[in-house]
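The values are calculated or read from the model by the stated rules, or taken from the named source; none is laboratory data. This structure is a prediction, so every number in the text was calculated from the model and none was measured. A quick note on method: Cβ atoms are made from the backbone with ideal geometry, for glycine too, and the neighbour counts reach across all protein chains shown.
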Amino acid sequence: MERWHNFDYKSCEVKHHLSTSQPEADRYDFGQKNYMFNVLVSDKLGPRRDVPNVAHEKCSSLPYAIKSTASIVIVYHNEAFSTLVRTINSVFDRTPKEYLHEIILYDDFSEDHLQVEQDLQKYAVLAGWDKSKLHWLKAEKREGLMRAKVYAARNATGDVLVFLDSHVEVNVGWIEPLLNAIQEDPRRIVQPVIDLIKSDNFQYTQVMISKGGFDVSLRFQWEYFDWTYFNTEENNLKVFETPSLTGSNFAVQKKFFHEIGEFDLGMDIWGSENIEVSLRLWLCANGVFIAPCSHVGHVFRTYRPYKTRSDVDTLIHNAARTAKVWLNDKYLKHFFDYNGRAAKVDAGDLTERFELRNRLKCKPLEWFIENVYPTFKPPRDEL
Ligand code: UDP
Ligand code: MN
């Protein structure tokens, strides 16, 4: 097996492999091929770094009386060592001890040449990570991010689950706004603002705060606030509703997450789960929100590094499942009209999801459109 990283055991620095037989150009190519980001730059950044505190200046003085603890759930498949180490260090460094119940690391069957768990366990000892707070789990076969997150979360024992990708850096004061918002209403999901860590140079970049949404084909899109919204100071501080989550980094009360149907276990690998959860939370509970004071940097990739499952793009398969369960007849027709490939895939057995919808006594889609997402409309000529 090729070893692409080693340690300086004294300082616990992560160093990329700089033997003469492995020049930097090869390491770069290796990263582009396996991770779809510049792993050379990531390695050189080392195990931790300061990130710009991009939250509004008033965020740090908000009064919180948090009574809950968090289980941080990180699932990963073929993650680079240096990004994963920075993710975990950022959580340890920037989460007050009293709120950090545990960190669950779940390896979703990474390929042999991209295994990192053993080295991570060595690093954990050297870095002095609190052993009692770390849990190491592993899939026996590739599960995909939805089942991986659910299986990992079922092992959690904290009050609130916080799902994080394996290539993030949480920012200063990131967890308080999330825990506080869940405490105020445990029947919702709350997400941080996801800042951009550029995949070519790893610069941490503040994003324009936006909402998430989707079109009739259930393709994700950003929804922007009007120019004046953030001129009002309070709007920079208070949680706002969003039609859709912008991915699956979010906080949710553990008990509620299981009651409300977790993720759809029939989904594979990647895609659409954020839209499925959002529609479900709006129609069957109290919705999905973003806490503008909570910031997490995330490495956005231009391409997905995953091979598709045989000939089916999992995004299409997962979107078809979402559409069949949550769209009504009229919108389902539009979905298939605009997403020709989805009409051809076998979405698999949906019995359990329909049962869930009935059991939860969910509202009809029209309620969501009228009250949460009035701009979600079928094409003009169909109105
Ligand atoms: N992931 C996983 N199994 C998979 C695909 C993804 O465990 O089959 C993990 C991945 O390592 C990451 C998280 O799920 O920690 C979200 O995936 P990704 O970052 O690729 O999604 P994106 O942020 O690009 O939407
Ligand atoms: Mn990601």
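Of note:
- Note on region 210-251: residues that are part of a loop (DSSP other than H, G, I, E, B) and either at positive phi or away from ligand 2 (no atom under 16 Å from the Cβ) (or both) total 18.
- Residues being among the aliphatic types (A, V, I, L, M), more than 9 Å from ligand 1 (Cβ to nearest atom) and buried (at least 23 other Cβ atoms within 10 Å of the Cβ) - total across region 158-178: 6
- The set of residues from region 280-298 being crowded, with 24+ Cβ neighbours inside 10 Å and over 17 Å from VAL190 (Cβ atoms) comprises just one member, GLY297.
- When region 299-318 is limited to residues that are more than 30 Å from LYS58 (Cα to Cα) and of a type in the set (A, V, I, L, M), the one that is surrounded by the fewest Cβ atoms within 10 Å (Cβ to Cβ) turns out to be VAL312.
- Matching residues in region 133-157 - criterion: being surrounded by fewer than 20 Cβ atoms within 10 Å (Cβ to Cβ) and away from ligand 1 (no atom under 14 Å from the Cβ): LYS133, LEU134, HIS135, TRP136, ARG154, ASN155, THR157
- Of all residues making up region 28-59, the number that are in a helix (DSSP H, G or I), in contact with a His (Cβ under 9 Å, 6 or more places away or on another chain) and under 12 Å from PHE81 (Cβ atoms): 4
- Odd one out for ARG86 among (1) away from ligand 2 (no atom under 15 Å from the Cβ); (2) touching an Asp or Glu at 6+ places or on another chain (Cβ under 6 Å): (1)
- Of all residues in region 144-159, those being within 16 Å of ligand 2 (Cβ to nearest atom) and not small (Gly, Ala, Ser) number 3.
- Verdict on VAL41 being at negative phi, at pLDDT 95 or above and under 19 Å from the mean Cα position of the chain (by Cα): no
- In summary, ARG321 fulfils each of the numbered conditions (1) crowded, with 23+ Cβ neighbours inside 10 Å; (2) within 16 Å of ligand 2 (Cβ to nearest atom); (3) basic (Lys, Arg) with the single exception of condition (2).
- Identity of the residue in region 92-111, among the charged types (D, E, K, R) and buried (at least 20 other Cβ atoms within 10 Å of the Cβ), that ends up farthest from ligand 2 (Cβ to nearest atom): ASP107
- Test: residue in region 164-177 that is within 15 Å of ILE74 (Cβ to Cβ) and of a type in the set (Ser, Thr, Tyr): yes
- Screening region 348-375 for residues that are outside any helix (DSSP H, G or I) and crowded, with 18+ Cβ neighbours inside 10 Å and picking the one that is farthest from the chain's Cα centre (by Cα) gives CYS362.
- Of all residues in region 292-327 being touching a Ser or Thr at 6+ places or on another chain (Cβ under 7 Å), in a helix (DSSP H, G or I) and not aliphatic (A, V, I, L, M), the one that is modelled with the lowest pLDDT: THR314
- Residue satisfying all of: in region 263-279; within 14 Å of ligand 1 (Cβ to nearest atom) and in a loop (DSSP other than H, G, I, E, B); surrounded by the fewest Cβ atoms within 10 Å (Cβ to Cβ) among these: LEU265
- ASN201 vs. criteria buried (at least 21 other Cβ atoms within 10 Å of the Cβ), away from ligand 1 (no atom under 16 Å from the Cβ) and under 30 Å from LEU40 (Cβ atoms): no
- Candidate set: region 27-78, residues that are hydrophobic (A, V, I, L, M, F, W, C) and within 15 Å of ligand 1 (Cβ to nearest atom); chosen: the one farthest from GLN253 (Cα to Cα): VAL39
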